[in-house]
Amino acid sequence: MKLATLKDSTRDGRLVIVSRDLTRCSEVGHIARTLQAALDDWEHVAPRLAQIAEGIETGAQPTIRFREHDAASPLPRAYQWADGSAYLNHVELVRRARGAEMPASFWTDPLMYQGGSDGFLGPRDPIVVADEAYGIDLEGEIAIIAGDVAMGSGPEAARDAIRLVMLANDVSLRGLIPDELAKGFGFFQSKPASAFSPVAVTPDELGEAWDGGKLCLPLLVSVNGRAFGKANAGVDMTFDFGQLIAHAAKTRNLVAGTIIGSGTVSNKLDGGAGKPIEDGGDGYSCIAEIRMIETIKTGSPKTPFMQFGDQVRIEMKDDAGHSIFGAIEQTVEKYKEAGPR
């Protein structure tokens, strides 16, 4: 089953069920007006939504055309958004580039930060930033939406709580990160609003590509129409989503609608750092990673961060070449202040 939220005059939009080929959808306000409402009563609502989804595929259910441009993020806002860093190849490169050792605990205890969840960007909304000097970067990720998770739940129970899977662009402002982390209190200004894919899908839609905790398909990233990354999200993922959710739930309950991100998808090549696609590698899911590799090899980065007017596209396709989640497609724009401060 594929679910999306269409933009309307409300903050939370309206829930629709989308056809597998992403061309048609059916409104389900008589069952649940919003995705959050569906998640709050998932055990009762999900079977009814699944019947609508089946009717769309058989032609028994009335539909309207689905346009990805009309979609908000599946959850336009959420009770919680926590992002992990499950691909330790990425973490290791970042630390090596600045001459820092990788603590042994990183291999057993996931990194995670709590991001802003009061408003997400739609999959076609622009990335609005005040200054290019902030170091504008994309971060292609996989994310899940969980149901209720009790405090202290282990990874197995956490995997059972995964309701939906989607893609994410966790935008980072790299130029602001060092000073923030130096304070010892984590990210805030360096992490503006994130964006998610047009649709979120139930794990059963993913077939053998979903192993219960990982999504084993390439994440396709392009910048200004040029292929930038195709790292496989199921490879080199040190912590699966069950482990990430359990980590987040160690000292607190997680409510239905909690979003957990994987962190930047990153693959090694022959046991070492990855290579650009044009050099025979799988590329990268963020600009920072290629800059770290350039720094390690030559002493300084060469690839620039994103500039105003640049475009990023993030998508995932099944084995037949069909888009699973639709595409995150965003343009970087300069923020225009509303008036005098």
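What are the pairs, 6+ residues apart or on separate chains, where a residue within segment 76-92 that is under 14 Å from Gly261 (Cα atoms) and part of a strand (DSSP E or B) has its Cβ under 7 Å from a residue that is open to solvent by less than 20 Å² (accessible area, probe 1.4 Å) and aromatic (Phe, Trp, Tyr)? These pairs meet every condition: Gly84/Phe239.
Checking Ser19 against (1) closer than 27 Å to Asp125 by Cβ; (2) more than 20 Å from the chain's Cα centre (by Cα); (3) at pLDDT below 95; (4) not hydrophobic (A, V, I, L, M, F, W, C), only one condition comes out false. Which one? Going through the list (1) closer than 27 Å to Asp125 by Cβ; (2) more than 20 Å from the chain's Cα centre (by Cα); (3) at pLDDT below 95; (4) not hydrophobic (A, V, I, L, M, F, W, C), Ser19 breaks only (3).
Restricting Asp240, Asp204 to those that are under 16 Å from Tyr87 (Cβ atoms) and either open to solvent by less than 20 Å² (accessible area, probe 1.4 Å) or at pLDDT 95 or above (or both) reduces the list to Asp240. Restricting Ile31, Ile56 to those that are more than 16 Å from Ser197 (Cβ to Cβ), touching a Cys at 6+ places or on another chain (Cβ under 9 Å), open to solvent by less than 50 Å² (accessible area, probe 1.4 Å) and modelled with pLDDT of 95 or more reduces the list to Ile56.
The residues listed here are Ala157, Ala133; of these, the one that is of a type outside the set (Asp, Glu), closer than 27 Å to Thr331 by Cβ, outside any strand (DSSP E or B) and open to solvent by 50 Å² or more (accessible area, probe 1.4 Å) is Ala133. Scanning segment 8-49 for residues that are in contact (Cβ under 8 Å) with a residue 40 or more places away in the chain, closer than 21 Å to Ser323 by Cα and either in a loop (DSSP other than H, G, I, E, B) or out of contact with any Asp or Glu (no Cβ under 9 Å at 6 or more places or on another chain) (or both) gives Val18, Ser19, Arg20, Asp21, Leu22, Thr23, Arg24, Cys25. Could you please let me know if Ile293 is part of a strand (DSSP E or B) and open to solvent by less than 20 Å² (accessible area, probe 1.4 Å)? Taking the combined requirement at face value, the residue does not satisfy it.
Within segment 50-71, the set of residues being assigned to a strand (DSSP E or B) and more than 19 Å from Ile142 (Cβ to Cβ) comprises Ile64, Arg65.
The values are calculated or read from the model by the stated rules, or taken from the named source; none is laboratory data. Just so you know, these numbers come straight off a predicted model, no measurement behind them. Counting neighbours? That spans all protein chains shown, and the Cβs are built from the backbone with ideal geometry, glycine included. The area values use the complete protein model at the heavy-atom level, side chains included, leaving out ligands, DNA and RNA. Shrake-Rupley method; radii C 1.70, N 1.55, O 1.52, S 1.80 Å.
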